[in-house]
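Structure, as structure tokens:
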Amino acid sequence: MRIYSRILGTGSYLPENRLTNADLAAELAQQGVETSDEWIVERTGIRARHFASDAQGSSDLATEAARKALTAAGISADDLDLIIVATSTPDMVFPSVATMVQHNLGTAGCPAFDVQAVCSGFIYALTIADSMIQSGSAKRALVIGAEIFSRILDFKDRTTCVLFGDGAGAVVLEASEQPGILATDLHADGKYKDILCVPGHVNRGGILGDPVLKMDGQAVFKLAVGVLEDTARASLAKANMSDADIDWLIPHQANIRIMQSTAKKLKMSADKVVVTVDQHGNTSAASIPLALDTAVRDGRIQRGQTLMLEGVGGGFTWGSVLLRY
Ligand code: UT7
């Protein structure tokens, strides 16, 4: 009998401070940086983003999302035997955000670690959790994507600072004989490391290099459109399914144009794509679980439906998870 990883519950959290495009444009104008709501909406579909307070770390956002996912799943933190956090913006160099979340949830003992695959991080983390559940080494896993990208943005660079936001999303998985995750597909190609990166790092008590996000937007755009179709098709092939079997496409929320183009390639109508990028911008590893939780809670996603989750980001990394909800 095959063991599946089934989603028991989802949760998400967005920090209180919400900035519309107009709010952000007004703040940037004070520093002589020119942008507009029209440009941001037309090129990206983003209308607003949330920024964490100085007092918050990614672990705080992750903990809020985790609490909601645990409540939705109807289990307690002590029932977990695995915690994985996908993040590129950890509170500290170490220890991991996952161990902080574990402590915040008032539990101890189970393995807890972070995964760093930038905007594909949640897909990587979900795939690792699924492998551990299938192998029998875990029965109940908490998988979180949490980011505070506002800390690594250059607010003098209008080509990047309008695109990203902060947030967290979480799922609780349980080993089940009922279908859950049907297929997964992961990839990376390090030759593209320079098109999306934060080159600076901690060195001997200071920062060496530029600790802000650098992106060649057009190069990322072109690569993203191609690999998102490829990885969706690869997961479908592994599950002997076709694009017609997908009820909901939940792509990484970076740019509405990338999502629409992927849907078109998969012959899916736009109303089958869960879009939340308009409300929180690109939240990197948090964007897919944020979109998933939104569509679960507003009733669009129903039990028994087939979901295609897919991510793409720095590294270059990309991948997909096909699942029965
Ligand atoms: O999370 C990982 C995945 N990341 C992504 O998927 C991002 C992928 N890339 C993109 O989404 C798009 O490439 C961007 C949204 C980043 C840029 O859109 P674009 O249509 O490729 O614009 P562009 O870079 O070609 O810029 C067009 C113009 C330029 O002006 P000129 O040279 O034509 O005069 C830019 O200087 O838009 C200008 N521009 C802006 N204008 C107002 C760039 N940023 C802004 C801005 N406000 N914020």
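The values are calculated or read from the model by the stated rules, or taken from the named source; none is laboratory data. Bear in mind that the values here come from a model prediction, so they are computed numbers and not experimental data. Neighbour counts run over all protein chains shown; Cβ positions are idealised from the backbone, glycine included. These area figures cover heavy atoms from the full protein model, side chains too; ligands, DNA and RNA do not enter into them. Shrake-Rupley method; radii C 1.70, N 1.55, O 1.52, S 1.80 Å.
The set of residues in the stretch 155-170 that are within 12 Å of the ligand (Cβ to nearest atom) and either over 17 Å from the mean Cα position of the chain (by Cα) or hydrophobic (A, V, I, L, M, F, W, C) (or both) comprises F155, K156, D157, R158, T159, T160, C161, V162, L163, F164.
Within the stretch 209-246, count every residue that is over 18 Å from G319 (Cβ atoms), more than 9 Å from the ligand (Cβ to nearest atom) and touching a helix residue (DSSP H, G or I) at 6+ places or on another chain (Cβ under 8 Å). So the answer is 6.
Of all residues in the stretch 126-137, none satisfies being open to solvent by less than 10 Å² (accessible area, probe 1.4 Å), within 30 Å of I256 (Cβ to Cβ), of a type in the set (G, A, S) and within 16 Å of the ligand (Cβ to nearest atom). Those strands (runs of 3 or more DSSP E) of the stretch 81-195 in which at least 2 residues are among the charged types (D, E, K, R), considering only elements entirely within it, cover 140-148, 166-176. On inspection, I84 fails the criterion of being at pLDDT 95 or above, farther than 30 Å from G205 by Cα and open to solvent by less than 10 Å² (accessible area, probe 1.4 Å). When S36, S53, S59 are checked against the criterion of being at pLDDT 95 or above and under 30 Å from R140 (Cβ atoms), a single residue qualifies: S59.
Return yes when R47 is basic (K, R), within 16 Å of the ligand (Cβ to nearest atom) and open to solvent by 20 Å² or more (accessible area, probe 1.4 Å) and no when it is not. Spelling it out, R47 is indeed basic (K, R), within 16 Å of the ligand (Cβ to nearest atom) and open to solvent by 20 Å² or more (accessible area, probe 1.4 Å). I'd like to verify a number: residues in the stretch 280-325 that are open to solvent by less than 10 Å² (accessible area, probe 1.4 Å) and either modelled with pLDDT under 95 or among the aromatic types (F, W, Y) (or both), how many? Number of matching residues: 1. Sub-6 Å Cβ pairs linking a first residue in the stretch 158-170 that is farther than 24 Å from I144 by Cβ and modelled with pLDDT of 95 or more to a second residue that is outside any strand (DSSP E or B) and more than 7 Å from the ligand (Cβ to nearest atom), at least 6 apart or interchain, are R158/V33; T160/L213; C161/L153; C161/F155, ordered by first then second residue.
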